[in-house]
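One structure is given here, and the rest of the page talks about it.
FYI, it's all coordinate maths here, none of it is from the lab. Note that the coordinates shown come from a computational prediction; the quantities given were computed from them, not determined experimentally. In this analysis, Cβ positions are derived from the backbone assuming ideal geometry, glycine residues included, and neighbour counts consider all displayed protein chains.
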Amino acid sequence: MQARRGHGRRRNGALRGGADGIMRAMSVHRPPRRPQLWLPLLIASQLLIVLVGWRFGWAIGLPLLLASHALCLWGVLAPASRLYGPVLTQLPGEGVWLTIDDGPSDDTRALLDLLDAHDAKATFFLVGERAAARPALVREIAARGHGIGNHSQTHPQAMFWALGPARMRCEILDGQRTLAGITGRAPVWFRSVVGHTNPFVHAPLREAGLARVGWNARGFDAVKADVDDVVARIDADLAPGAIVLLHEGATHGGNPAMVAGVLARLRAKGLRTVLPDPAG
Ligand SMILES: [Zn+2]
């Protein structure tokens, strides 16, 4: 138990960076502590509903049953839901965290140049199998001072919400192994695919010392091709503490222009980018 705790502390970076680093790491980076708690709570809630239906009639019990199932589904589909485990959706302090999903891609090098030009840093949430196909690009992201997060091994976007425990564990831990194998450093942050987080996500996150990251600013840049519209949507939520969801490699080809637009808005507002502790 002692060894396991020590391992976790090294993983989440709480031993790096002096006292201030420890404080920030402890408050921001929160891997799940009780990833199986949902199961006894679910069983207890369903038993309670059966009791209510049996005692007071199913005119009350059935709506309660449906409402409980709707709540479970909301917990999976709502990106900011904490029903099954913690998620970071806001940073403390004045900085803005740029997060760029779905790479590496043909856009990555242009994005790195844009970030350098604005003296900005970002975390790239990479897909394991895409990283394995372009390891030099992954190492360049790290070498240029940016963070690398885990965004699953294969990015099964249509089915991620419904993956069972074995497949979910593979998606998360294979992604972790792939990225650590390329950079020599295991990611500490995880971004759910399409923001969907079912009950089986948090056990492997805990196993790998990963904390889940959501967002509080987005412009639907993965699907919308209108650069001005996307930037305006993100701009509306660009404020101290923002976690900005961006993408690369979208088929419309506009992601670099959108990131350029967001960087320009950050500069105009006097906001600076940060990477939270532990760096990632
Ligand atoms: Zn994605």
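Please compute the Kirkwood hydrodynamic radius over the chain, one decimal place, Å, based on all pairs of different Cα atoms.
Mean inverse Cα-Cα distance, inverted, gives 19.7 Å.
Expressed as a rounded percentage, what relative contact order does the chain have, with Cα pairs under 8 Å and six or more residues apart?
Normalised by residue count, the contact order of the chain is 26 percent.
Considering the chain as a Gaussian network with a 10 Å cut-off on Cα pairs, which listed residue, GLY175, GLY254, GLY93, attains the greatest mean-square fluctuation?
Its mean-square fluctuation being the largest, the pick is GLY93.
Rounded to the nearest 500, what is the chain's calculated 222 nm mean residue ellipticity when only DSSP H runs of at least 4 contribute -39500 (n - 2.57) each, over all residues? Present the calculation step by step, with values, prior to reporting the outcome.
Working: 11 runs with 135 residues, N = 280.
Value at 222 nm, helices only, nearest 500: -15000 deg cm²/dmol.
Count the net charge of all other residues whose Cβ sits under 12 Å from the Cβ of ASP237, scoring Lys and Arg as +1 and Asp and Glu as -1.
+3
Show the residues, 5+ positions off or on another chain, whose built amide H is closer than 5 Å to the amide H of ALA211.
TRP189, PHE190
Which is farthest toward the positive dipole end of the chain among VAL50, THR251, VAL188, measuring Cα position about the Cα centre, with Cβ charges +1 (Lys, Arg) and -1 (Asp, Glu)?
Of the listed residues, the answer is VAL50.
For a quick protection proxy, order the peptides 98-111, 40-53 by their average other-Cβ count within 10 Å, most packed first.
98-111, 40-53
Test of understanding: in a Gaussian network model of the chain with alpha carbons linked when under 10 Å, which of THR123, THR154, THR251 would top the mean-square fluctuation ranking?
In this elastic network of the chain, the residue with the biggest mean-square fluctuation among THR123, THR154, THR251 is THR251.
For the range 239-280, taking Cα atoms only, what is the radius of gyration to one decimal and the Dmax to the nearest whole Å?
My reading of the Cα-based Rg and Dmax gives 12.0, 33 Å.
With unit charges on the beta carbons (Lys and Arg positive, Asp and Glu negative) and the dipole taken about the Cα centre of the chain, which residue among VAL201, PHE220, LEU98 sits farthest to the positive side?
VAL201
Applying the Karplus parametrisation 6.51 cos²θ - 1.76 cosθ + 1.60 with θ = phi - 60° to the phi angles of the range 238-244, what ³J(HN,Hα) value in whole Hz is obtained for each residue in order, glycine and proline being reported as x?
Calculated HN-Hα couplings, in order: 6, 7, x, x, 5, 10, 9 Hz.
Separation of the range 204-280 and the range 165-182 by C-alpha centroid, Å?
24 Å
Considering the alpha-carbon set of the range 38-77 alone, what are its Rg and its Dmax in angstrom?
Radius of gyration, then largest Cα-Cα span, for the range 38-77: 10.5, 33 Å.
How would the range 169-280 be classified by its alpha-carbon gyration tensor: rounded, prolate or oblate, with rounded meaning a/c under 1.5 and the a/b versus b/c comparison settling the rest?
Working: a/c = 2.06, a/b = 1.73, b/c = 1.19.
Note, shape of the range 169-280 comes out prolate.
Return the loop-located GluC sites (Glu not before Pro) in the range 75-180 (DSSP other than H, G, I, E, B) with at most 12 other Cβ atoms within 10 Å of their own Cβ; answer none if there are none.
Values: sites: GLU94, GLU129, GLU140, GLU171; in loops: GLU94.
Qualifying residues, ordered by number: GLU94.
Tell me the Rg and the Dmax, in Å, that the Cα atoms of the range 40-149 produce.
So, for the range 40-149, Rg and Dmax equal 22.6, 68 Å respectively.
I want to verify a result. In a Gaussian network model of the chain, Cα cutoff 10 Å, which of these has the top mean-square fluctuation: ALA260, ALA131, ALA236?
Answer for the Gaussian network model of the chain: ALA236.
Does anyone have the angle between helix 255-269 and the longest principal axis of the chain? Alpha-carbon axes, 0 to 90°, nearest 10?
80 degrees
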